[in-house]
Amino acid sequence: GQLPTWLQGILLRNGPGMHTIGDTTYNHWFDGLALLHSFTFKNGEVYYRSKYLRSDTYNCNVEANRIVVSEFGTMAYPDPCKNIFAKAFTYLSHTIPEFTDNCLINIMRTGDDFYATSETNFIRKIDPKTLETLEKVDYSKYTAVNMATSHPHYDSAGNTLNMGTSIVDKGKTKYVLFKIPPSVPEKEKKKSSFSHMEVVCSIPSRSLLHPSYYHSFGLTENYVVFIEQPFRLDILKLATAYIRHVNWASCLSYNKEDKTWFHFVDRRTKKEVSTKFCTDAMVLFHHVNAYEEDGHIVVDLIAYADNSLYDMFYLKNLNQFLEEHDELSSRPTCKRFVVPLQYSKDAEVGSNLVTLPSTATAVKEKDGSIYCQPEILCEGIELPRINYDYNGKNYKYIFATKVQWSPVPAKIVKFNVQTKEMLQWGEDHCWPSEPVFVPSPDAREEDDGVVLTCVVMTDPNKAPFLLILDAKTFKELGRAIVNVGMHVDLHGIFIPEKNLKSETE
């Protein structure tokens, strides 16, 4: 096929690549050592490269020729040859775990720099052109967070906004929103932009020792949207996991009897909206988008009825799954919550406060809290992306993967949230990755541009490829075939040519 002439830049992707080191194997797919790969678009041609992230974790494991650094689903133990004192000391030093820097989930931009990220306090700077691994950054040196999301947001001023959890800091556990500026003042050129990182606001956790797990958050023009779900991390279990010979993932638990709480923080005043908004228990990984309309905040997200998704990615379960074609126990559902920030204080108990045209409801309870029920937009989609120019604004299109019976995507879809129409691309034996939308330079409409996705084949005789779709029609424009093994990845970003530093810089 043919690529649009304007498509110039790098698609950078990240995901778990190596699951066996020496005689040892990770238990969980999300534990694998990070493998970066990139597609560079230059004058109608595509160049591919891939490289393992040379994290401290990678180097330690490869040097020892076995897994020596613990990951979320795999606990590693010290060398059995060490003497008993060294072993006892290693146990003690694990009470508040030193997390891994195996940053395998996403790529984050700050100013002109790019970082591989996961959900610990460590991120690794990378060169997007060569995929070289550069310095390691520890968020906790700049603000009191023990873990952070790998789905940051970017505002119009170029700041990077992210959230992290601060565990029992000064007797409190809280969720912290922090901001990294795109650059530092001229006179401080030697310093990194992280030294100017600031805490925008914090939200106290409902429980000191059981903070909520979260993978992403929402942002509208005036508000930060944070959802505290009853899928929680048990801090005491986390601190003793090493001694008890269990992995950190076993320290997460879901309570389906509990509620899910919505938090809205005003970005100007940095104060949280005082009304309490809640919905039923759910497990959420990916926010799609959020925006304000007529005194309401509309929040679109992908939710599950339980936490079985994580368990399915244990390698023993995944292999069994793919052989037996079991049904997912909980399918991802795209839900729209409509939350009334402005409503009459005289509204009757039991009345629905939503005045926008939607089947979503928000009902006033006796205690003054508001109980929200969503509108179901569609089922079976995951890894949602939008045209990021519409982030925080009223929008039409979600680009996502479609999961049918298994946790592994079989199709790519474009879903119109207004008309509920869905366009799909799929072929036999093809497993596509998260679709990335790239707007055309003179875009007039939300879907003017292309959608990029990496496709891995189940047929070992067929080569994987990068697929380029016209975002409007979802027709194939072309594919770049890669004659090497390509891994199923998680997330990534497209970096336009103009945002790549030139060699002289």
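The values are calculated or read from the model by the stated rules, or taken from the named source; none is laboratory data. Computed from a prediction, not measured in an experiment: that's the story for all the values here. Backbone-built Cβ (ideal geometry, glycine too); neighbour counts: all protein chains shown. Ligands, DNA and RNA are excluded from the accessible area calculation, which covers all protein heavy atoms including side chains. Shrake-Rupley method; radii C 1.70, N 1.55, O 1.52, S 1.80 Å.
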What size of dipole, in debye to the nearest 20, comes out for region 349-505 about its Cα centre when the only charges are +1 on Lys and Arg C-beta atoms and -1 on Asp and Glu C-beta atoms?
280
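Keeping to pairs on different chains or 8 or more places apart, tell me how many lysine pairs in region 398-501 have Cα atoms under 16 Å apart.
Details: 402/411; 402/414; 402/420; 411/475; 414/472; 414/475; 420/472.
Summing the qualifying lysine pairs gives 7.
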J(HN,Hα) series, region 419-430, from Karplus relation 6.51 cos²θ - 1.76 cosθ + 1.60, nearest Hz, glycine and proline x
9, 6, 6, 10, 9, 9, 10, x, 9, 4, 6, 10
Distance in nm between pseudo-label sites at residue 135 and residue 25 (7 Å out along the Cβ direction from Cα):
4.0
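What is the extension gain from residue 366 to residue 64, computed as 0.36 nm multiplied by their sequence separation minus the C-alpha to C-alpha distance, in nm to one decimal?
Numbers: separation 302, 0.36 × 302 = 108.72 nm, distance 6.08 nm.
Result for the pair: 102.6 nm of gain on full extension.
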Net charge, residue 253 excluded, C-beta distance under 14 Å - Lys, Arg +1, Asp, Glu -1:
-2
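Quick one: which of 129/174; 190/393; 129/187 span more than 32 angstrom between C-alpha atoms?
On the way: 129/174 37 Å; 190/393 37 Å; 129/187 28 Å.
Going by Cα-Cα distance, 129/174; 190/393 fall outside the 32 Å limit.
Within 14 Å, Cβ to Cβ, of residue 378, how many net charges do the neighbouring residues add up to if Lys/Arg are +1 and Asp/Glu are -1?
Local net charge: +3.
When the accessible area of region 9-499 is split by element with a 1.4 Å probe, what percent falls to carbon and sulfur?
Of all accessible area on region 9-499, carbon and sulfur atoms account for 50 percent.
For the chain, with every protein chain kept in place, what is the accessible area per residue (1.4 Å probe, Å²)? Intermediate values should be presented prior to the final figure.
Values: 22520 Å² over 505 residues.
I get 45 Å² per residue for this part.
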To make sure I understand the rule: partners must be lysines, Cα under 18 Å from the Cα of residue 170, and not fewer than 8 residues away in the same chain. Which ones qualify?
141
Selection from 443, 117, 317, by position along the positive dipole direction of region 9-499 (Cβ)
117
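To the nearest whole percent, what portion of all C-alpha pairs in region 9-499 is separated by more than 35 angstrom?
Numbers: 38540 of 120295 pairs.
Of all Cα-Cα distances in region 9-499, 32 percent exceed 35 Å.
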The correct ranking of 448, 489, 442 by accessible area at 1.4 Å, largest first, is 442, 448, 489
Show me, for region 433-450, the HN-Hα J-couplings you get by feeding each phi into the Karplus relation (A = 6.51, B = -1.76, C = 1.60, θ = phi - 60°), rounded to Hz, glycine and proline as x.
9, 3, x, 10, 8, 10, x, 6, x, 10, 4, 9, 10, 4, 9, 6, x, 10
Are there any GluC sites (Glu not before Pro) in region 276-384 that are in a DSSP loop and have at most 15 other Cβ atoms within 10 Å? List them by number.
327, 348, 365
If you put +1 on each Lys and Arg Cβ and -1 on each Asp and Glu Cβ, how big is the dipole of region 376-454 around its Cα centre, in Debye rounded to 20?
200
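Could you compute the FRET efficiency for residue 187 and residue 222, with r as their C-beta to C-beta distance and R0 at 30 Å, rounded to 0.05? Write down the numbers at each step before the final one.
Working: r = 33 Å, r/R0 = 1.10.
Calculated value: 0.35.
Report the relative contact order of region 183-341, percent, no decimals, based on alpha-carbon pairs under 8 angstrom and at least 6 residues apart.
Relative contact order for region 183-341 comes out at 19 percent.
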Length-normalised contact order of the chain in % [C-alpha pairs under 8 Å, at least 6 apart]:
12
Relative intensity, log₁₀ I(q)/I(0), of region 349-505 from a Debye sum that treats every alpha carbon as a point, q = 0.15 Å⁻¹
-0.88
